[in-house]
Amino acid sequence: MPGPGLHWRDSGSGPATALFLHGYPLSSAIWDAQLAAVPPGWRFLAPDLPGFGASPAPRPGITLDDYADEVVHLLDELGVRGAVVCGLSMGGYIAFRMRALHPDLMAGLVLMHTRAAPDSPDARQARYATAQRAQQEGVAPIAEAMLPRLLSEETRQRRPDVVERLRGITATATVAGVVAAQQAMAARPDSTPLLPRLDVPALVVAGEDDTLAPAAEMRGMAEAIPGAAFVLLPGAAHLSCMEVPAPVNAVLSDFLGALPGR
Ligand code: MLT
């Protein structure tokens with residue numbers, strides 16, 4: 001059962017919808033530059049996941065399937081019957097679950113800085129430790145420790161505005177949101193078997209300096225999806241949508257513009 005409604009941002013209008021799912025511990029605000037450059041004929045929707053941004057807290061024990069259901073519930077409420085889903089990192093994990101649970105809803109898939117494989121036992125333990133630390137110390141030290149992995153060195157050196165915006169975004173993450181997301185990501189299923197069966201147009205976007213979703217692994221993921229395009233962005237780590245928004249917008253616009261019926 002979906003919880004209380006998610007907060008979302010909305011930009012553009014048109015018959016086609018693209019849904020943008022943010023990563024952890026972030027919010028829909030990572031997509032500001034994309035929502036400011038919506039191609040004609042498109043509506044871009046970007047929800048805040050439960051416990052992030054302005055959305056209500058998640059229910060305890062929420063799984064990635066529940067996150068997917070919450071997002072689908074929002075689309076239902078908005079009368080959206082089909083969408084291109086663009087998921088970044090945790091948003092990509094949720095996009096895989098949307099595809100598995102609601103296969104008819106997806107008109108295309110953009111996977112940014114994400115992984116299909118599940119966590120190793122060590123990575124899972126690290127997530128439980130992070131969840132515990134969040135309960136003891138709050139979100140700020142966790143977000144600060146993540147920052148060097150979210151942004152490339154180039155972004156950190158040359159774009160203090162992006163660093164500060166990112167700090168502002170992670171400041172809206174709640175302890176409940178972080179704990180639930182870590183537990184859900186730790187328990188996520190292997191989405192690798194889905195890849196060869198993906199029969200929607202797909203685009204995979206990687207950052208040259210991304211250590212959280214390494215480019216080589218993302219290239220392998222693209223190769224496993226029939227007909228998928230792969231784009232490697234220089235100057236970006238894990239958050240290309242904020243670090244190099246102009247190339248990201250161009251890549252998105254090309255992909256969306258080439259979809260059947262567009
Ligand atoms: C994210 O950006 O959503 C996280 O890096 C995902 C993860 O921790 O696996």
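Each reported figure results from applying straightforward, stated rules to the coordinates on display, with no laboratory input. Please read all numbers here as calculations on a predicted model, not as lab measurements. Counting neighbours? That spans all protein chains shown, and the Cβs are built from the backbone with ideal geometry, glycine included.
Things worth noting here:
- Loop trypsin sites (Lys or Arg not before Pro), the range 3-95, which have at most 14 other Cβ atoms in a 10 Å radius of their Cβ (DSSP): 81
- For the range 78-87, putting each phi into the Karplus relation 6.51 cos²θ - 1.76 cosθ + 1.60 with θ = phi - 60° gives couplings of 8, x, 8, 9, x, 8, 7, 9, 10, x Hz, in residue order, rounded to whole numbers and with x for Gly and Pro.
- Dividing the alpha-carbon radius of gyration of the range 135-177 by the rule-of-thumb value 2.2 N^0.38 Å gives 1.21.
- Separation of alpha-carbon centers, the range 56-106 and the range 149-199, rounded to whole Å: 16
- Rounded to whole Å, sorted largest first: equivalent-ellipsoid semi-axes of the chain, Cα gyration tensor: 25, 21, 19
- Distant-in-sequence amide H partners of residue 7 (H built 1.01 Å from N, under 5 Å): 48, 55
- Percentage relative contact order, the chain, counting C-alpha pairs under 8 Å, at least six apart: 21
- Once the C-beta distance of residue 136 and residue 211 is scaled by a Förster radius of 25 Å, the resulting FRET efficiency is 0.45 to the nearest 0.05.
- Karplus-derived 3J(HN,Hα) values for the range 246-257, using 6.51 cos²θ - 1.76 cosθ + 1.60 with θ = phi - 60°, are 5, x, 4, 4, 5, 5, 5, 5, 5, 5, 5, x Hz; glycine and proline are entered as x.
- All Cα pairs of the range 202-253, percent lying beyond 16 Å: 36
- Taking the range 1-46 and dividing mean pair separation by its residue count, relative contact order in percent (alpha carbons under 8 Å, at least six apart): 55
- Of the residues 252, 228, 198, the one whose Cα sits farthest toward the positive end of the charge dipole of the range 181-262, with +1 on the Cβ of Lys and Arg and -1 on the Cβ of Asp and Glu, is 198.
- Sequence-distant contacts, meaning Cα pairs under 8 Å at least 6 residues apart, place the relative contact order of the range 82-223 at 34 percent.
- Each label was represented as a point 7 Å from its Cα along the Cα-to-Cβ direction; for residue 259 and residue 122 these points are 4.0 nm apart.
- Near residue 17, the amide H atoms lying under 5 Å from its own belong to 43, 84; only residues 5 or more places off or on other chains count, and H is placed 1.01 Å from N.
- Cα-derived Rg to Rh of the range 1-156, Kirkwood definition: 0.97
- Three principal axis extents of the range 144-246 based on alpha-carbon atoms, in descending order, are 40, 33, 19 Å.
- Derived scalar couplings ³J(HN,Hα) [the range 215-232; Karplus, 6.51 cos²θ - 1.76 cosθ + 1.60; whole Hz; x for Gly, Pro]: 4, 5, 5, 5, 5, x, 5, 4, 5, 7, 9, x, x, 5, 8, 10, 10, 10
- Zero-based 5 Å bins, Cα pair distances in the range 1-59, whole percents: 4, 21, 27, 21, 14, 10, 3, 0
- The DSSP beta bridges internal to the chain are antiparallel in roughly 20% of cases.
- With the convex hull of its Cα atoms as the shape, the range 89-176 has an orientation-averaged projected area of 7.6 nm².
- Charged-residue dipole, Cβ positions (Lys, Arg, Asp, Glu), the chain about Cα centre, Debye nearest 20: 80
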